[in-house]
Amino acid sequence: MRTLQNSEHQAIGLDIKTSPFTQLVGSIVDRGFVKQCMQEAEAVIHTATLHKPHIATHSRQDFVDTNITGTLNLLEEAVSASVTSFVYTSTTSAFGRALTPPEGAPAAWITEEVVPVPKNIYGVTKVAAENLCELIHHKTALPCLVLRTSRFFPEEDDDKHLRQSFDDVNLKVNELLHRRFDIEDMASAHLFAVEKAPSIGFGRYIVSATIPFTRDDLQELEETPQRL
């Protein structure tokens, strides 16, 4: 919203809390609210979600309500409003256990072709929402792109062993090599997705920092300790 408010676009921010970047306050779980917000909309950037840290504070049903039902509300009302571009912010966390190689195997090589194996309710609901995007596109031709984003928020690593083994700053710098992403670049990726969705139709894309490795480096990466 910071970027959009300084662009040629007329941007309307939706959130459950007031802020300098929020014009309409309400929940995407409320179908009537979503319908109201969608009037005269040309594009939707759907970032609303219960995030991984909410697992400790919210029920599984809360995740289903917000991440799945809320997404369905937005998709169907976008179709009704003849929206021409829908961008859904997903997460590389959706890959879940696929991010960790089996015992004795080299480091995992993650591409869009890897099948997610969610390890918690967050991942399950994000994958389900992705599938809703694909279904609605198939049924209605709504142009819809799914961006599986790497981390760009400052929360601690969710791996307890890593938190105990490395300083937080050390972890974040190491993670930039393969997963973390700059928030300004993330905003740019969403704007490009809005522009390209009508010509692409549907697609899932990993959005992450460029890595300096190749598939041939996997064995050495597995054998080399992660340290600065």
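Couple of notes before you dig in:
- Complete set of residues in segment 1-19 that are surrounded by fewer than 17 Cβ atoms within 10 Å (Cβ to Cβ) and closer than 27 Å to E156 by Cβ: R2, T3, I16, K17, S19
- Among the conditions (1) modelled with pLDDT of 95 or more; (2) within 25 Å of M186 (Cα to Cα), the only one that R31 does not satisfy is (2).
- Here E77 meets the list (1) acidic (D, E); (2) without any contact (Cβ under 8 Å) to a residue 40 or more places away in the chain; (3) surrounded by 21 or more Cβ atoms within 10 Å (Cβ to Cβ) almost entirely, failing just condition (2).
- Looking only at segment 87-115, and only at residues there that are under 14 Å from the mean Cα position of the chain (by Cα) and in a helix (DSSP H, G or I), the one that is surrounded by the fewest Cβ atoms within 10 Å (Cβ to Cβ): F95
- Taken as a whole, segment 44-53 holds at least one residue that is of a type in the set (A, V, I, L, M, F, W, C), surrounded by 14 or more Cβ atoms within 10 Å (Cβ to Cβ) and assigned to a strand (DSSP E or B).
- Answer residue from segment 116-152, given it is outside any helix (DSSP H, G or I) and small (G, A, S) and is nearest to the chain's Cα centre (by Cα) among those: S150
- Subset tally (residues that are surrounded by 13 or more Cβ atoms within 10 Å (Cβ to Cβ) and farther than 22 Å from V114 by Cα) for segment 199-224: 0
- Restricting segment 186-216 to residues that are free of Cβ contacts under 8 Å to residues at least 12 places away in the same chain and of a type outside the set (S, T, Y), the residue that is nearest to P106 (Cα to Cα): D216
- Within the set K17, K35, the sole residue that is among the basic types (K, R) and not in a loop (DSSP other than H, G, I, E, B) turns out to be K35.
- Near pairs, Cβ below 7 angstrom, 6+ apart or cross-chain, from segment 125-140 (touching a residue at least 40 places away in the same chain (Cβ under 8 Å)) to any residue that is part of a helix (DSSP H, G or I) and of a type in the set (F, W, Y): T125/F63
- Counting residues in segment 90-105 that are in contact (Cβ under 8 Å) with a residue 12 or more places away in the chain and within 12 Å of L142 (Cβ to Cβ) gives zero.
- Residue within segment 126-145 that is modelled with pLDDT under 75 and either crowded, with 17+ Cβ neighbours inside 10 Å or in contact with a Phe, Trp or Tyr (Cβ under 9 Å, 6 or more places away or on another chain) (or both) present: no
- Some residue of segment 30-42 being among the hydrophobic types (A, V, I, L, M, F, W, C) and either within 18 Å of the chain's Cα centre (by Cα) or surrounded by fewer than 15 Cβ atoms within 10 Å (Cβ to Cβ) (or both): no
The values are calculated or read from the model by the stated rules, or taken from the named source; none is laboratory data. Worth saying up front: this structure is predicted, and the values here are computed from it rather than measured. A quick note on method: Cβ atoms are made from the backbone with ideal geometry, for glycine too, and the neighbour counts reach across all protein chains shown.
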